[in-house]
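Asker: Please read through the structure below; I'll follow up with questions.
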Amino acid sequence: MTLDEMAHQFFDTGWFDPNDRPKTALAMQHLIERVPDDVFDTLDVLVFAPGPHLYGQVYPGILPSKSEQPKTFIYLAPSLEEQSQQDVDFTVAHEFAHVYLNHEQAARNPSAIEDDADALVETWGFIIPARRSIK
């Protein structure tokens, strides 16, 4: 998968401007480099990563119709840009791992869900931040 293909599939919605979010954009590139393509093939996701200067925004007509399954939204906060690149890489990969693992927060123990996502991210070659080991 290329960055252009990823953009078209996941965040070519106007809700993520790579120029406003350089660390997040680089994390997306690292995700492409480390995650097998077949993982991306299974995901129906929209990435919502607004720039820090956006206080509100509307993009009509991009959500599925009533007959389609709803997409999963991944929200990546603007404050993520304040973290180290390694932490941003991990966070982006971790959220994609949740979608790939089909996690439903209410279905299982939240700690187990987080541990499962962390374990998958580690197999993809991302480093779990020290802050995650503090429980």
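The values are calculated or read from the model by the stated rules, or taken from the named source; none is laboratory data. From a predicted model like this one, the values you see are computed outputs, not experimental measurements. Methodologically, a virtual Cβ is constructed for each residue, glycine included, from the backbone with ideal geometry; neighbour enumeration extends over all protein chains shown. In case anyone asks, the SASA skips ligands and DNA or RNA and just uses the protein heavy atoms, side chains included. Shrake-Rupley method; radii C 1.70, N 1.55, O 1.52, S 1.80 Å.
Asker: Considering only the stretch 11-46, how many residues are without any contact (Cβ under 8 Å) to a residue 60 or more places away in the chain, out of contact with any Asp or Glu (no Cβ under 8 Å at 6 or more places or on another chain) and assigned to a helix (DSSP H, G or I)?
Answerer: Total meeting the criteria: 9.
Asker: For the stretch 24-39, indicate whether the set of residues that are open to solvent by 70 Å² or more (accessible area, probe 1.4 Å), within 15 Å of PHE11 (Cβ to Cβ) and modelled with pLDDT of 90 or more is non-empty. Lay out the reasoning, then the answer.
Answerer: Here is the first cut: in the stretch 24-39, the residues open to solvent by 70 Å² or more (accessible area, probe 1.4 Å) are 26, 33-34, 37-38.
This time we only want the ones that are within 15 Å of PHE11 (Cβ to Cβ), so: 26.
From the residues that got through so far, the ones that are modelled with pLDDT of 90 or more too are 26.
Checking the stretch 24-39: at least one residue is open to solvent by 70 Å² or more (accessible area, probe 1.4 Å), within 15 Å of PHE11 (Cβ to Cβ) and modelled with pLDDT of 90 or more.
Asker: With out of contact with any Gly (no Cβ under 6 Å at 6 or more places or on another chain) and at pLDDT 70 or above as the only criterion, which of VAL99, VAL58 stands out? So that I can check it myself, show each step before the final result.
Answerer: On the way: VAL58 fails: at pLDDT 70 or above.
On inspection, the qualifying residue turns out to be VAL99.
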